[in-house]
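The values are calculated or read from the model by the stated rules, or taken from the named source; none is laboratory data. These figures come from a predicted structure and were not determined experimentally. Using ideal geometry, Cβ is built from the backbone for each residue, glycine included, and neighbour counts are taken over all protein chains shown.
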Amino acid sequence: MAFKKKLKSIALASSLFLALSFTSCATSIVSNYRQGNVYKQLKQPKNKYAILVSAAFPDQDRLDKTLQDKALKAYEGIKELGFSDDNIYFLATRRGEGMEKTDELFTYHSFHKVCTELSAKMTEDDLLVFYFIGHGGIVGDSYVLLKNIDEDYEPKEPDNFFKLKTLKDELRRLKYGYAVTVIDACQSGHVAKALGKRNMVAISTTSNNQNSWISSEFSPYMIKALSGEKTADKNGDNKVSLEEAVYYAAEKDPKAKKNYGLKALFPKPQIHYEEVDPSQVFLKE
């Protein structure tokens, strides 16, 4: 598959020093993009729903096993944040050994089915979290996420590209009070910029043109912080906001924090938002 080879080259490029740039980085370790100055008043959500996607390559080489393990940690972490099993939809590009907790393969049809089910049950009193851990990048003029293309899967899938536009269109079908999107993938700043509007806070582990590191620990650190890690509480209010968790993860992740000295090579997490202030979002009950 040409796309598979392209994404593998993207993932591995970050471990090669072909485009190394020793440009100093004077800005913060996280890029924070705010649109507008009027925030909506947030209230405790009535129900909390999560869609978690593990997008490692189906043949599972060593590097993608690392991605899979991070997704499984994210699943357990989301449960610790007070999301019930019935309200977590776990999709993956592969199932089988080690992935028994997943619900279905990640395809156009399965994602559409999940959003259809959620559109029938969610209300504006609810919270949605969409979390993607896997491969992504620019193909042609579109940002795409890796999904499963299984010859035995019915109905048939047209290709293994899951376009950003498709993700936006599906999420727009859902009603919620506010939402959080996290994209842990290469060049994921494209997704955060597109989704971080109105009542959704969008977080990416990289900028538009940066590759992520498969061995990055950003996601595990962020979920640890959201669960109440005391050292992540920067303002001393005895709770950890979404914004504090992102900064904590960036500071702790050995890959993200190195962007101070290697700006072009190491990823720079981003937060995009408009009506919802991430400093006022708390995911743990």
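Report yes if some residue within the range 177-189 is polar (S, T, N, Q), in contact with a Ser or Thr (Cβ under 7 Å, 6 or more places away or on another chain) and in contact (Cβ under 8 Å) with a residue 40 or more places away in the chain; otherwise report no.
Checked the range 177-189: at least one residue is polar (S, T, N, Q), in contact with a Ser or Thr (Cβ under 7 Å, 6 or more places away or on another chain) and in contact (Cβ under 8 Å) with a residue 40 or more places away in the chain.
Among the residues of the range 69-78, are any buried (at least 21 other Cβ atoms within 10 Å of the Cβ), of a type in the set (D, E, K, R), under 26 Å from Gly189 (Cβ atoms) and touching a strand residue (DSSP E or B) at 6+ places or on another chain (Cβ under 8 Å)?
Yes, that holds for at least one residue.
Which pairs have Cβ atoms under 8 Å, sit 6 or more apart or on different chains, and link a residue in the range 50-63 that is closer than 13 Å to Gly96 by Cβ and of a type in the set (A, V, I, L, M, F, W, C) to one that is modelled with pLDDT of 75 or more and assigned to a strand (DSSP E or B)?
From the range 50-63, the pairs are Ala56/Ala92; Ala56/Gly134.
Under 6 Å by Cβ, and 6 or more places apart or on different chains, what pairs join a residue from the range 221-232 that is over 9 Å from Glu244 (Cα atoms) with one that is crowded, with 18+ Cβ neighbours inside 10 Å and not hydrophobic (A, V, I, L, M, F, W, C)?
Tyr221/Lys252; Tyr221/Asp253; Ile223/Gly77
Would you be able to say whether some residue in the range 193-202 is crowded, with 18+ Cβ neighbours inside 10 Å, among the aliphatic types (A, V, I, L, M), out of contact with any His (no Cβ under 6 Å at 6 or more places or on another chain) and part of a loop (DSSP other than H, G, I, E, B)?
Checking the range 193-202: not a single residue is crowded, with 18+ Cβ neighbours inside 10 Å, among the aliphatic types (A, V, I, L, M), out of contact with any His (no Cβ under 6 Å at 6 or more places or on another chain) and part of a loop (DSSP other than H, G, I, E, B).
Here are the criteria: (1) within 30 Å of Gly228 (Cα to Cα); (2) crowded, with 17+ Cβ neighbours inside 10 Å. Tell me which single one Asp86 does not satisfy.
Checking Asp86 against (1) within 30 Å of Gly228 (Cα to Cα); (2) crowded, with 17+ Cβ neighbours inside 10 Å, the one that fails is (2).
Could you list, ordered by first residue, the pairs with Cβ atoms under 7 Å in which the first is in the range 193-205 and on the phi > 0 side of the Ramachandran plot and the second is part of a loop (DSSP other than H, G, I, E, B), at least 6 apart or interchain?
Correct list of pairs: Arg198/Glu274; Arg198/Glu275.
Are any residues in the range 14-66 hydrophobic (A, V, I, L, M, F, W, C), in contact with a Ser or Thr (Cβ under 9 Å, 6 or more places away or on another chain) and modelled with pLDDT under 90, and if so, which ones?
Once the filter is applied, which keeps residues that are hydrophobic (A, V, I, L, M, F, W, C), in contact with a Ser or Thr (Cβ under 9 Å, 6 or more places away or on another chain) and modelled with pLDDT under 90, the range 14-66 yields Ala56, Phe57, Leu63.
Has the range 121-138 got any residue that is out of contact with any Gly (no Cβ under 9 Å at 6 or more places or on another chain), farther than 30 Å from Lys40 by Cα and without any contact (Cβ under 8 Å) to a residue 40 or more places away in the chain?
No, there is no match, as no residue in the range 121-138 is out of contact with any Gly (no Cβ under 9 Å at 6 or more places or on another chain), farther than 30 Å from Lys40 by Cα and without any contact (Cβ under 8 Å) to a residue 40 or more places away in the chain.
Taking into account only those residues within the range 220-248 that are of a type in the set (Ser, Thr, Tyr) and touching a Phe, Trp or Tyr at 6+ places or on another chain (Cβ under 8 Å), which is farthest from Tyr143 (Cα to Cα)?
Thr231
Restricting attention to the range 208-250, which residues are outside any helix (DSSP H, G or I), at pLDDT below 95 and crowded, with 21+ Cβ neighbours inside 10 Å?
Result: Gln210, Asn211, Ser212, Trp213, Ile214, Ser216.
Does any residue of the range 60-83 turn out to be part of a helix (DSSP H, G or I) and more than 30 Å from Gln210 (Cβ to Cβ)?
yes
Test Glu157 against the stated conditions and say whether it is buried (at least 19 other Cβ atoms within 10 Å of the Cβ) and either modelled with pLDDT under 95 or outside any strand (DSSP E or B) (or both).
Spelling it out, Glu157 is indeed buried (at least 19 other Cβ atoms within 10 Å of the Cβ) and either modelled with pLDDT under 95 or outside any strand (DSSP E or B) (or both).
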